1. Every residue in region 128-162 that is open to solvent by 50 Å² or more (accessible area, probe 1.4 Å) and closer than 16 Å to SER225 by Cβ, please.
2. How do the helices (runs of 4 or more DSSP H) wholly within region 252-315 filter down when requiring 2 or more residues that are within 36 Å of the chain's Cα centre (by Cα) and among the polar types (S, T, N, Q): which remain?
3. Look at region 194-226 and say how many of its residues are closer than 25 Å to PRO108 by Cβ and either of a type in the set (A, V, I, L, M) or exposed (fewer than 15 other Cβ atoms within 10 Å of the Cβ) (or both).
4. In region 365-382, which residue that is part of a helix (DSSP H, G or I) and farther than 22 Å from GLY164 by Cα is least open to solvent (accessible area, probe 1.4 Å)?
5. If a residue has to be crowded, with 16+ Cβ neighbours inside 10 Å and in contact (Cβ under 8 Å) with a residue 24 or more places away in the chain to count, how many in region 337-358 make the cut?
6. From the list LEU126, LEU140, exactly one residue is closer than 19 Å to VAL232 by Cα and in a helix (DSSP H, G or I). Which is it?
7. Mind listing just one residue for me: the one in region 358-397 that is farther than 18 Å from ALA210 by Cα and basic (Lys, Arg) and, of those, modelled with the lowest pLDDT?
8. Does at least one position in region 283-294 carry a residue that is surrounded by 15 or more Cβ atoms within 10 Å (Cβ to Cβ), touching a residue at least 40 places away in the same chain (Cβ under 8 Å) and hydroxyl-bearing (Ser, Thr, Tyr)?
Amino acid sequence: MKELIEYKRSAERLVKEEFGFLEKFRREQSLIDSLSGQSACPENLDGLIGQNSCSKALADVFEALNRQSRIYEQTLAHLASPDMEKQIKALTKSADYSHLVSGMGLLPNTHCISDIAESLAEQVQLFKSASMAEGTWRNLLQKQMSAVQTPWLNPYMPSLSFEGFAVVSRLGQAVRYAEPFDQFARHQMDEDLGGPINIDHDAGPEEWDAALIEANINPSIMAISRGAVNEVLIHTGFSLRTNFTPLPPTTDGTDPGHKYHPQLYMLLTTVEQNLRETIDTRMQDHYGPTWMKTRIDKKIICEWENRRSKAVSNGESPLPLIQYSDFMDLNKIIVQGQHWDMVFKTVFRNKDDFKTSMERLSPIRNSLAHCRPMGFAQRLHLISEAGHILRALGINIFSN
């Protein structure tokens, strides 16, 4: 017990010295006390850890981040009790760590939010082309954090959760207010979202998280408590309007009563439908009404025709042939050499950036098509990239 008291005192001193603006918050939230409670003893932790399974990749990232933290390293040096050392190592190394804390969360002390926002504005800086002044960025973070009422701070990594909140807010600025495919905003998005991934359509949220960690998504995003992600998204600017999905006309004049789901699937459908409409309109303008025969491979045209024939034989109304294209067919048409240079470069500006957007959305489309559950990072990818592409097409999906 003597060693535990000394540990608590050392931790409190370190917090005060190294993270002064968080000292009141940490003390009032009893973060250190929670580690010494009955529920946090090594035996109980081992039981909790044994109940779940999660990606080791995610746990490894959390462990690396904790080991880089000065407060973690300095506090660890004061631990004399082997049981306490075992406990903290279990928290950082366990592949089930994210499950252990996924249902927990804290709210920051309202009296500290101003100081926290000031520190975050310096730590998580806006991309170069952002027009927002530093004071405005700080005030925005303060306003957004104050608005969230669901506990969102990971109790074991509150500092990392704060960083994740600011990163998500910065993504909101990049996809809502920067020029679509602006090089500086795009570079920031790529740093935070990581690279495109290839993943089986049966994959669940945990496998997605693991794949995204492997693709170098900013891990601070993953530190936000899972129960609060919807509210965090809303207050950081990822709230959407739902009245912008064009319905394709039928070629025989019938009205099949087409409707689109107004939530996540709707957003992917909106991207796909607007890309189809943009491709058809612009290719006709440049190559004439027979552009498919002259610009698209005959094998692809044959696939589209077969899909339409099958759909009509099943009682569906016939649609224009472009409506039977695959999602990545649209990508190939747009980035094809002459098509890009002559037709689409003025719309999407950077070919590699557009390809990255489409490659990020493709596995999400597969998940949605099979009604798979979606994790926080998937939703963030979907809203960010869909918003980026649609704004390039002159469509702003974000509500004010």
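The values are calculated or read from the model by the stated rules, or taken from the named source; none is laboratory data. Everything numeric in this text was worked out from a predicted model, so none of it was measured. Cβ coordinates were reconstructed from backbone atoms using ideal geometry, including for glycine residues, and neighbour counts include every protein chain displayed. Heavy atoms of the whole protein, side chains included, go into the accessibility calculation; ligands, DNA and RNA do not. Shrake-Rupley method; radii C 1.70, N 1.55, O 1.52, S 1.80 Å.
1. GLN149, PRO151, TYR156
2. Details: elements: 264-287, 291-295, 298-313.
Per the criteria, 264-287.
3. Count: 5.
4. Among residues in region 365-382 that are part of a helix (DSSP H, G or I) and farther than 22 Å from GLY164 by Cα, the one least open to solvent (accessible area, probe 1.4 Å) is SER367.
5. 12
6. Criteria check complete, one pass: LEU140.
7. Of the residues in region 358-397, the ones farther than 18 Å from ALA210 by Cα are 358, 365, 368-371, 383-397.
Restricting the remaining residues to those that are basic (Lys, Arg) gives 365, 391.
Numbers: ARG365: 91, ARG391: 95.
Top of the filtered list is ARG365.
8. Taking every residue of region 283-294 in turn, none turns out to be surrounded by 15 or more Cβ atoms within 10 Å (Cβ to Cβ), touching a residue at least 40 places away in the same chain (Cβ under 8 Å) and hydroxyl-bearing (Ser, Thr, Tyr).
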